[in-house]
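Each remark here refers to the structure printed beneath this line.
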Amino acid sequence: MAILTGVLFGILIMQPLVLSLQMNYLQGDENWWKYLPESYQEIFNFNDENQILMNLLFALLGIALALMVAVRKRIFKLKRRSKNSRR
């Protein structure tokens, strides 16, 4: 479940934000929200090899973040169990 969440987070949330901020920086505008719909269109363009690679990299980044959160939650659960068993 963490892997699917990471893929969706990486591709549908992180990548559009990064692309819209990059487009805003290149254009020099103050309002980056207007580039957000254009960045979502760019994400689903599977004709470009660079875009496919970028989707893959953002998916891997999202998976890494989701797995870090899942492992952190599991570690804290184990710590709580060990504290409760000592009492």
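Nothing in this text is a laboratory measurement; each read-out follows from the coordinates by a stated rule. The shown structure was predicted, so the numbers you read here are calculated from the model rather than taken from an experiment. Here the Cβ positions follow ideal geometry from the backbone for every residue, glycine too, while neighbour counts run over all protein chains shown.
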- Query: For region 1-82, what is the relative contact order in percent, using Cα pairs closer than 8 Å and at least 6 residues apart in sequence?
  - Reply: 47
- Query: GNM on the chain, C-alpha springs below 10 Å: top fluctuator among Leu60, Leu26, Leu12?
  - Reply: Leu26
- Note on the structure: Env charge @ Leu67, Cβ radius under 12 Å, K,R +1 / D,E -1, value +3
- Query: If Lys and Arg each add +1 and Asp and Glu each add -1, what is the summed charge of the other residues whose beta carbon sits under 13 Å from the beta carbon of Gln22?
  - Reply: -3
- Message: Counting other C-beta atoms within 10 Å, and keeping those with at most 14, which DSSP coil GluC sites (Glu not before Pro) do you find in the chain?
- Response: Glu30
- Go from 0 up to the bin containing the longest alpha carbon distance in the chain, width 5 Å each, and give me the % of pairs per bin. 3, 14, 17, 16, 14, 10, 8, 6, 5, 4, 3, 1, 0
